[in-house]
Amino acid sequence: MSFVVFTDGSANLPGKMSEGITILPCSYMLNGTEVVYEGDVEEFDAHSFYEGLKNGDKVKTSLLNTHLFLEHFRPVLENGQDIVYIAMAAGISGTYNAAINAADELMEEFPDRFIHIVDSKGCGFGSGILAIKAAKLSKEGKSCKEAAQILDDAVPHACQYFTVDDLNFLKNTGRVSGVTASIGTILNIKPILFGDSTGHIISCSKVRGRKNAISAIAAKYSEKRMETEDNIVCISHGDCYDDAVKLSEMVKEINPKAEITICQHEPFSGAHVGPGMLGLFFWGKER
């Protein structure tokens with residue numbers, strides 16, 4: 001590996017997809033008790049987590065702090081290697097800025113080394129597919145500076161579209177107003193959401209009913225997808241596996257070559273979108 005790739009648990013990567021990637025742990029408070037999520041989504045008891053949210057469990061997430069980055073990055077630099085870190089969107093988390101602060105401090109301490117922090121402008125697999133790309137570039141022998149440019153150019157093409165089942169979770173994190181959440185719930189309105197060019201989560205359309213929401217996400221794939229070498233497509237869900245399978249079948253009809261991974265949605269951002277979240281992540285035309 002020509003440089004070391006870091007991301008964190010919010011990238012939603014199962015162990016089988018994290019080869020060549022160091023995943024930093026995330027922590028959150030569950031009913032007042034700290035839980036450390038190590039980052040392998042296959043080891044995460046998503047059913048219990050999302051059932052708990054349905055039943056009123058209180059989850060509070062926090063950003064990864066500068067000290068954590070200093071602790072993990074410094075040994076790599078001491079070993080003479082450079083670093084790429086794929087961060088959750090700066091528009092929704094302070095983690096990116098914490099990583100930047102650590103990088104600035106360490107590059108003063110190690111002037112011959114290079115650290116690049118990528119603002120993924122997304123979360124979940126929106127960060128994860130960029131981390132996978134970074135690991136591939138490192139394995140191919142690209143320098144850290146070469147990879148940094150390639151990854152920054154790739155960010156606008158890391159498409160991510162999702163819907164939620166309960167608008168109240170978005171209301172609780174300030175993504176929609178209380179009035180919008182109430183009316184949407186009564187009328188069974190489902191927003192189609194995506195990370196825009198600034199990394200903020202916004203709605204691109206609204207449909208009535210879950211079935212129409214799944215079809216609308218598949219339609220976004222048909223509209224936005226572009227051919228790539230690996231045809232990677234990732235689907236994450238907040239404990240709604242059957243809906244994820246329906247979406248994967250629609251994707252396969254659109255692109256039989258699609259290499260689809262389905263897994264639960266990680267808890268770090270899952271607490272904000274709630275049970276029933278269904279997301280599609282792929283390489284596409286600019287968002």
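The values are calculated or read from the model by the stated rules, or taken from the named source; none is laboratory data. These numbers come from a predicted model, not from an experiment. Ideal geometry is used to build each Cβ from the backbone, glycine not excepted, and the neighbour counts take in all protein chains shown. In case anyone asks, the SASA skips ligands and DNA or RNA and just uses the protein heavy atoms, side chains included. Shrake-Rupley method; radii C 1.70, N 1.55, O 1.52, S 1.80 Å.
Data overview
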quantity	calculated
Pairs with Cβ under 8 Å, 6+ apart, first in segment 188-204 and closer than 18 Å to ALA219 by Cβ and β-branched (Val, Ile, Thr), second modelled with pLDDT of 75 or more and outside any strand (DSSP E or B)	ILE192/ALA213; ILE192/ALA216; ILE192/ILE217; ILE192/LYS220; ILE202/ASP196
Filter result (under 13 Å from the mean Cα position of the chain (by Cα) and more than 13 Å from GLY270 (Cα to Cα)) within segment 10-22	LEU13, PRO14
Count - residues of segment 50-63 that are among the basic types (Lys, Arg) and either at positive phi or in a loop (DSSP other than H, G, I, E, B) (or both)	1
Residue in segment 137-147 that is touching an Asp or Glu at 6+ places or on another chain (Cβ under 6 Å) and farther than 20 Å from TRP283 by Cβ present	yes
Qualifying helices (runs of 4 or more DSSP H) (wholly inside segment 192-287; at least 2 residues being polar (S, T, N, Q) and modelled with pLDDT of 95 or more)	210-224
Some residue of segment 38-49 being assigned to a strand (DSSP E or B), open to solvent by less than 20 Å² (accessible area, probe 1.4 Å), on the phi < 0 side of the Ramachandran plot and at pLDDT below 95	no
